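First, the structure itself, so that you have it in front of you.
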Amino acid sequence: MKSYAKIISFVITLIMLFTLASCEKVNYGYTHPTYTSEYTSQQHIERIKNVYLNKSEAKNGTWIINDINVEIINSFYDNDPEYFIVEMDIRIGKIIEGYFKYRDAYLVIFGFIWNDEYYYGYTLKSNPYKVCGYEDNKKFVSNYTFGIEEDGKVYKIAEVKLLADLPSYTVLEKQEITLEEQKQLMENGGYNFSRKKLTRTDWYIKF
């Protein structure tokens, strides 16, 4: 009887080990399903803008959007249009020493598209593509690496550094990256974000 119980216990253990081994690791890496979308890039742009503009509280008393621009960015390696950059000129209001004061600010919000939903990544103080002088090039990105295409080759131009205050990026000397290196960039956390859906208040800047 004891021998029979041991056999059952052994079989159950094997089943559990097999189940754990066969489960796909839950992460936001490159092993996600192939990118698909019901929308064109232009439709995505309008939908992302609507996150900020299509609200009854267009002027909510604390900040006002003066101008907004959205660009869809392709991923490294598989070349899918699944990232975006939002640039906004805004006016921020805050009560200081009993007075309501305003200041103008420029924000760059970076995020990604997943199953036609929009997710927040981080906020930057400037657009690395513009700063590096590649505004008109075809653009590529993983979560923390920015790249461009030039003369049929792909180059890395900047890398993001996550700081306690606000993420910043380092401009690099233009470095060519191979297709295999692009794949490694995506595998090493190409979608490694918190899965926080994009909202109108996804930004941070000191007053």
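Coordinate-derived values only; no laboratory data. Just so it is clear, the structure is predicted and the values come from calculations on it, not from any experiment. FYI the Cβ positions are ideal-geometry reconstructions off the backbone, even for glycines, and counts take in every protein chain you see.
So, in nm, how far is label E135 from label V171 when the simple model puts each one 7 Å beyond its Cα toward the Cβ?
1.4
Could I have the simple spin-label model distance between D80 and R195, label points 7 Å from Cα toward Cβ, reported in nm to one decimal?
It is 1.6 nm.
Right, next: Provide the FRET efficiency to the nearest 0.05 for the N188-F100 pair, computing r from the beta carbons and using R0 = 35 Å.
Efficiency, from the Cβ-Cβ distance: 0.15.
Right, next: Just grab the label-to-label distance for N115 and N50, each label 7 Å out from Cα along the Cβ direction, in nm (one decimal).
For N115 paired with N50, the spin-label model returns 1.9 nm.
Another one. Where does each of 80-91, 42-53 land if you order them by average Cβ count within 10 Å, highest first?
Descending packing order for the listed peptides: 80-91, 42-53.
Give the residues of segment 168-185 whose amide nitrogen is closer than 12 Å to a point set 7 Å from the Cα of E150 in the direction of its Cβ.
Counting backbone N atoms under 12 Å from the label point, the list is 172-177.
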